[in-house]
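The values are calculated or read from the model by the stated rules, or taken from the named source; none is laboratory data. Please read these numbers as outputs of a predicted model, since none were measured by experiment. Cβ atoms come from the backbone with ideal geometry, glycine included; neighbour counts cover every protein chain shown. Ligands, DNA and RNA are excluded from the accessible area calculation, which covers all protein heavy atoms including side chains. Shrake-Rupley method; radii C 1.70, N 1.55, O 1.52, S 1.80 Å.
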Amino acid sequence: MQPIIIVLIILVVLVFIALVKTIQVIPQASAAIVERFGRYTRTLNAGLNIVVPFIDSIRNRIDLREQVVPFPPQPVITQDNLVVNIDTVIYYQVTDARAATYEVASYIQAIEQLTVTTLRNIIGGMDLERTLTSREEINAALRGVLDEATGKWGIRVNRVELKAIEPPTSIQDSMEKQMRADRDKRAAILQAEGVRQSEILRAEGEKQSSILRAEGEAKAAALRAEGEAQAIRTVFESIHAGDADQKLLAYQYLQMLPKIAEGDANKLWIVPSEIGDALKGLSGAMGNFGPLGGGSGFNPQNPGKDGGNGGNANAADRPAADRREQPPID
């Protein structure tokens, strides 16, 4: 009984192994290569697949999703004989699992070496400045070469990116000094432009202020002159309208003389010659009202006799310079 049990156990194990090898479950976005006695038979797609156990074998399982592979920095010489290190990133996708398995031994290594040689060819025709500013051009050229070369491998290169372009340390220092000098130059230019604009605006403001001030002063002077002219015209019209005689004018003139002499600074003042005419009129007026004023009166027939003026009756007839009063001198 024991040998029979052992045989049954062996048969059960073999049946289980056969079932495991017969049923193959392929995940989504994956593919498997089936070989029969070492020869390619078919490609298993996603889902449940049945193979012949112990005859068919799974050679390779390939991920059909887009893959991202970063490559280490590669030294590349530019046209002006400068060594730069370039990091690249490749985005690729397997479109044919059979070609990716049988057309190339290792498509990852093949893509890396092709990327390095292509970069050296592209960068070798550019100087450093163009290399640093032409990433899109380099990416497009590199992608075109890789896509054409990897097509027969069942690989499609979707995108190529340059992660970093690192020039030598001495070149970086020189570039930093140049950039710093350019920034200082732009800052000085902007500061000078700001000062210039500020001075222009200040000058324009002063100009406008001077113009407005001059216009205001001119208008004020015009209004002041017009007011004085109007006042003189009004006084003149009032005098003519009131028909004022010489006696009233002489009296008003004498009333203004004390005001002329007012003030501590008025130590010396000159009596105009026209005051003689005013005094003549005033003396004539006071002579007519002699009895009312308490004097002896004025005799027009004999002004030299008892006329109130006595020996000074002809004082009004003397020149004005002789009748000027001399103020006291302190």
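Of note:
- Label separation (Glu35 vs Thr133): 5.4 nm, computed from points 7 Å beyond Cα along the C-beta direction.
- Gain upon complete extension [Arg224, Ala241; 0.36 nm per residue less C-alpha separation]: 3.6 nm
- Take each peptide in 132-140, 198-206, count the other Cβ atoms within 10 Å of every residue, and average; sorted highest first, the result is 132-140, 198-206.
- Heavy-atom accessible surface of the range 36-162: percent carbon and sulfur, 1.4 Å: 48 percent
- With a Förster radius of 30 Å applied to the beta-carbon distance between Ala105 and Val83, the computed FRET efficiency rounds to 0.45.
- With the simple spin-label model, which puts each label point 7 Å out from Cα in the Cβ direction, the Ala141 to Thr117 separation comes to 1.7 nm.
- Annotation note: trypsin sites (Lys or Arg not before Pro) in the range 8-112 located in DSSP loop regions with a Cβ neighbour count of at most 11 within 10 Å are Arg65.
- A 1.4 Å probe run over the range 177-232, with the rest of the protein chains in place, finds 87 Å² accessible per residue.
- With both labels modelled 7 Å from their Cα along Cα-to-Cβ, the Gln2 to Ala18 distance reads 2.8 nm.
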